[in-house]
Amino acid sequence: MTRKGPIFASVTALALLASGVVAASALGDRPQDAQPAPSPTADLNRQPAPPAQPVPPEPEPEAEPAPAQPVPITPPAPVIVIAETPADEDEAAGEEAGEEVRKRAAAPTEPPPPPGRRQRRRVAVVEAVDKITAERMRFEVEVGGRPVRFHKTLIFTARACEVSAPDELIGDSIAYLEVSIQPRGVLQPSDPRQIFRGWMFASAPAVNGLQHPIYDAWVVGCKA
């Protein structure tokens with residue numbers, strides 16, 4: 001009896017420790033609820049405008065007074081000069097122009113510089129809306145992190161988020177998202193069902209957006 005007591009206590013402690021690790025791992029994989037992201041323009045709108053500075057009056061220009069009677073002005077007759085170029089000068093100019101063109105064509109052309117690489121970011125900023133209740137929220141999804149649940153139904157997972165390279169003509173934010181839906185209000189919830197997977201463009205939400213009769217979602221930007 002003396003040996004069974006410590007052995008039983010050790011087995012019980014190991015079982016509790018293993019169950020705690022499994023529970024912590026399961027909680028870490030569960031989606032977290034979406035939290036509203038701060039708007040970058042809200043703080044700027046709350047700042048008071050600087051007081052207007054008085055503008056000093058402009059000094060009046062100094063000029064001579066206008067004459068009492070109008071002064072007639074007669075424009076001079078135009079002079080037309082016709083320049084005559086000898087035929088040999090025209091031929092020499094044509095040969096020089098042709099030689100310049102041939103030199104430019106024979107000169108080696110430099111290869112264009114390589115295109116710039118897009119910069120990756122750590123957080124994707126997503127905005128979603130419920131078209132029935134008009135509930136709208138802007139929230140953040142960490143790339144490779146925990147999924148984020150919107151309206152207790154949509155589950156967002158970010159795989160990548162990039163911004164345009166400096167040499168691109170249009171600045172844009174692009175994110176690769178996976179969106180799943182899980183019905184709520186059931187006794188035994190089923191596994192999430194994926195309804196979207198692909199790249200979303202902040203500059204053109206309609207190019208490859210979420211197609212759903214109740215929800216709309218699109219990428220707003222990327223954060224470091």
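For the reader, a short list of remarks on this structure follows.
- Residue count, the stretch 187-211 (criterion: of a type outside the set (Lys, Arg), open to solvent by 40 Å² or more (accessible area, probe 1.4 Å) and in contact with a strand residue (DSSP E or B) (Cβ under 6 Å, 6 or more places away or on another chain)): 8
- Set ILE214, ILE155, ILE170: member being among the β-branched types (Val, Ile, Thr), out of contact with any strand residue (DSSP E or B) (no Cβ under 7 Å at 6 or more places or on another chain) and farther than 18 Å from ARG120 by Cβ: ILE170
- When ILE214, ILE170, ILE132, ILE174 are checked against the criterion of being within 16 Å of the chain's Cα centre (by Cα), surrounded by fewer than 16 Cβ atoms within 10 Å (Cβ to Cβ) and hydrophobic (A, V, I, L, M, F, W, C), ILE170 stands alone in meeting it.
- Matching residues in the stretch 135-164 - criterion: being among the polar types (S, T, N, Q) and surrounded by 21 or more Cβ atoms within 10 Å (Cβ to Cβ): THR157
- Of all the residues in the stretch 110-129, those that are open to solvent by less than 80 Å² (accessible area, probe 1.4 Å), assigned to a strand (DSSP E or B) and more than 15 Å from ALA217 (Cβ to Cβ) number 1.
The values are calculated or read from the model by the stated rules, or taken from the named source; none is laboratory data. Small disclaimer: the values here were computed from a predicted structure and weren't measured. Note that we place each Cβ from the backbone using ideal geometry, even for glycine, and neighbour counts take in every protein chain shown. In case anyone asks, the SASA skips ligands and DNA or RNA and just uses the protein heavy atoms, side chains included. Shrake-Rupley method; radii C 1.70, N 1.55, O 1.52, S 1.80 Å.
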